[in-house]
Structure formats: C-alpha cells, structure tokens
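**Student:** Below: one structure in structure tokens.
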Amino acid sequence: MTGEPLAFPAPIYVTRPMLPSFEAYSARLASVWDSQFLTNGGAQHCALEAALNAYFAIPHVSLFNNGTIALLAGLRALGVSGEVITTPFTFPATIHAVAWNGMVPVFADIDPVTMNIDPVAVERQLTAKTSAILGVHVFGTPCDVHGLQAIADRHGLKVIYDAAHAFGTKVDGRHIAEFGDLTMLSFHATKLFHTAEGGALLVRDGDLKQKIEQLKNFGIVDEDEVAGIGLNGKMSEIHAALGLLTLDMVATEKTRRAAVARIYRSRLSALEGISFTPELTADAASQQYFAIRIDEERAGISRDRLHQELKRFNVVSRRYFNPLCSSYACYSDLPSSAPHLLPVAQRVVSEVLCLPFYGGLTADDAHRICDMIAWVAQH
Ligand SMILES: *Cc1c(COP(=O)(O)O)cnc(C)c1O
C-alpha cells in the first residue's frame, strides 16, 4: 500500500437504521389517523404481533415500548426472585432489569470463543437462592442453550434470554426464541429489525403470555380488577406501523450485511492478531454487529489505539461492552464482581471492537475501512 488512506468526508457510524420510504410510512400513518386509535393494541399493533408470530414460528409474542421494560416485566411475570446468574459482558439494561426487580445479579464468567455466559462458570455460582439464568446472545452468537438448559433442569431454574442482538439467529435450524422460558428482543433503532423504540417478549406458554399482557398494562385484568404491580410497557401504533414496514426490509438488509461481513472477514483475516466471532450460516446469523478481536501482542496495536486512530479517518467504531457491568459503581461491590473471578470477561472486554456494519455500507466503503485498519496496524 502507498500513502495514508484518505479519511471519509463524513462520519461512518457503527450502524444506520433501516428506513422505509417516507411515502410508505405516511400511507400507513394515514390509516392510523383514520382509526383515531393511537395505542392500546390497535390494528398496527395486532398486525405486527401476528407478523412476528409467523416470523419466529413461536406461539406468543408480546410487543413492548422497549426491550428494557420488556425484560423487566418478563422477569416479574416468571416470578423469579433471589439471585439471577448472568453475564458481565452485556449492555447495562440486562443487569439493571434484574436489579430493578429487587433481585441480585450474580456474574458468571464467559466462554472465550462465543463471549457468552459459560455453563461451567454458571454451575460454580449456584446457591440455594438462585432462581434463574439470564443469558445474552452477544453479537448474535447463540449461547450454549443446551448446556444452560441442562443446568436449569437439574436445579429447577428458569432460563431467560436477552436476544437484543439475535433477531433471526438460529440454533440447529430452530429460531433462538424456541429455547429457554422467555426471550426478550429489542427493536431499538440500532438493532437490525426496529420500530425506532420497541421490544418484545417471546414465550411458548399461554398463561405466561396473559400475565405479561397484564403486567405491561398497569396490571389491569378488567374494569373491576388490578391484579399486580404492573407498569406501562405498551407499544404505540406509530411504532408498530414503522415495524410493519421495516420487517419487510429485513431479508434484503441481511443479505447486504452478509456481503459486508464477507469483505471484512477475507481482508482482515490477513492481518496478524485479528480474529472474529464464530461464523454462522447466512440462514442462522442475525447480522447485528461485526465484532473483531484484537490480540495486542500479535497485532502490534491495542484495541483502544485502533479505536482512537480510526476516528481520524471518520470511522466511528464501538468498544462494546466496555466497561464490564461488574465494574459499574452500582455492582462492583457484589462478591461475584471480583475481577479474579471473571478472567475471560476481563480479557475479552479489552479486545473487542465493533466495526461499521449496515446494508448501506458499500463494498468500496468496507474495503477502505480494511485499508485504514491495515495502515494503522502497521504505523
Ligand atoms: C439494545 C439492548 C438492550 C436494550 O434494549 P432497549 O430496547 O434499547 O431498551 C438490552 N440488551 C442488549 C444486549 C442490548 O443490546
């Protein structure tokens, strides 16, 4: 390569939301206006719920105003209490949902390859107070769903998944939501499928779905009865209408992202000290993020310096999930937060960098980003 690569003229962010045409959205909104029904399970909401039911081939979908509130309500609906064993390598929302429910998060170390909660580490954290395991399919890589279920079965625990990154991820040809007692999805604008703000719970049990529906609507059963300490988790018609349009764009977006991923993988695998998350088949991958790992010793550059240097080229990468949840001030005093108990998570959190990854990124953009990474690594 010759000189320093040219910077992009405008920032290239880590993601960009799918957007339907403004005309198509306006047309859908026109029917919302006509109905004068803006929320509380209107036509758009019902249509989106049905479309997602079909997409996931799962009996029950419950839409929410965001993924965090969905997880909060889901944990409550399942009746878990005491201690919940979970991962420190996740977005704050996962752990906060446990704590807001008055339960104690207990951190278990992660697998060095998948970067997801390690069943062996979960087993070490079991106590008489443990009532659930909360796994996160980080970057769309599935957790060891069979290993975690086996532990849960032996000890009578619930299994809950934060699948915010795993829209469409499959294991053994089955959608990720078929595993565990309950799966949460986020439909935030940064997620592959989105409703600007939104989320859902996916469950197989009809009674659980009913409980969830009550909890997300203030605990209201009917005109005469409020059954529990509910909250407001309802998705509006405005958001559901957007989701009905973005859902139709998911397949094309995934194909485009897969093409970007192929460029990144083939170009960056030529660089010493850079590795990737496990490669899933096109059918099984969520294409939510493209994460690389930088082994500082072999690459000759640290993750943090690469992150910083890329900014000079107008490339905005992300150091997910730095810092670990176990090092937040609100959780660092927990016995399970001791760094020596989480050696793999400590290493992983210093190695991961998420690169710009969205369908609108051209092959040329992806190649230029690879040129920049190669150049920075050598200088
Ligand atoms: C985005 C995200 C959430 C939160 O979802 P919201 O819909 O923004 O509330 C939770 N967990 C993970 C892993 C996420 O990436």
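**Student:** Check ILE110, ILE133, ILE95 and return the single one that is within 16 Å of the ligand (Cβ to nearest atom) and in contact with a Cys (Cβ under 8 Å, 6 or more places away or on another chain).
**Tutor:** Among ILE110, ILE133, ILE95, only ILE95 is within 16 Å of the ligand (Cβ to nearest atom) and in contact with a Cys (Cβ under 8 Å, 6 or more places away or on another chain).
**Student:** Here is a follow-up. Quick one: which residue in ASP162, ASP207, ASP172 is at pLDDT 95 or above, out of contact with any Ser or Thr (no Cβ under 8 Å at 6 or more places or on another chain) and among the acidic types (Asp, Glu)?
**Tutor:** Being at pLDDT 95 or above, out of contact with any Ser or Thr (no Cβ under 8 Å at 6 or more places or on another chain) and among the acidic types (Asp, Glu) holds for just one of ASP162, ASP207, ASP172, which is ASP207.
**Student:** Given the conditions (1) in contact (Cβ under 8 Å) with a residue 60 or more places away in the chain; (2) open to solvent by 30 Å² or more (accessible area, probe 1.4 Å); (3) more than 30 Å from SER35 (Cβ to Cβ), which single one is not true for ASN232?
**Tutor:** (3)
**Student:** Something else now. Residues that are open to solvent by 10 Å² or more (accessible area, probe 1.4 Å) and farther than 27 Å from ASN66 by Cβ: list the helices (runs of 4 or more DSSP H) wholly contained in the stretch 83-179 that include at least 3 such residues.
**Tutor:** Of the helices (runs of 4 or more DSSP H) lying wholly inside the stretch 83-179, those with at least 3 residues that are open to solvent by 10 Å² or more (accessible area, probe 1.4 Å) and farther than 27 Å from ASN66 by Cβ span 119-125, 145-155.
**Student:** On the basis of being on the phi > 0 side of the Ramachandran plot and within 24 Å of the chain's Cα centre (by Cα), does MET103 make the cut?
**Tutor:** Considered against the rule, which asks whether it is on the phi > 0 side of the Ramachandran plot and within 24 Å of the chain's Cα centre (by Cα), MET103 comes out as no.
**Student:** Could you tell me which numbered condition GLY42 fails, if it satisfies all but one of (1) within 16 Å of the ligand (Cβ to nearest atom); (2) over 19 Å from the mean Cα position of the chain (by Cα); (3) open to solvent by less than 10 Å² (accessible area, probe 1.4 Å)?
**Tutor:** (1)
**Student:** What are the residues in the stretch 241-258 that are in a helix (DSSP H, G or I) and aliphatic (A, V, I, L, M), if any?
**Tutor:** Residues satisfying the conditions are ALA241, LEU242, LEU244, LEU245, LEU247, VAL250, ALA251, ALA258.
The values are calculated or read from the model by the stated rules, or taken from the named source; none is laboratory data. What you see is a predicted model; the values in this text were computed from it and never measured. No Cβ is skipped: glycine too gets one built from the backbone with ideal geometry, and neighbour counts run over all protein chains shown. Surface areas here come from the heavy atoms of the whole protein model, side chains and all, with no ligands, DNA or RNA. Shrake-Rupley method; radii C 1.70, N 1.55, O 1.52, S 1.80 Å.
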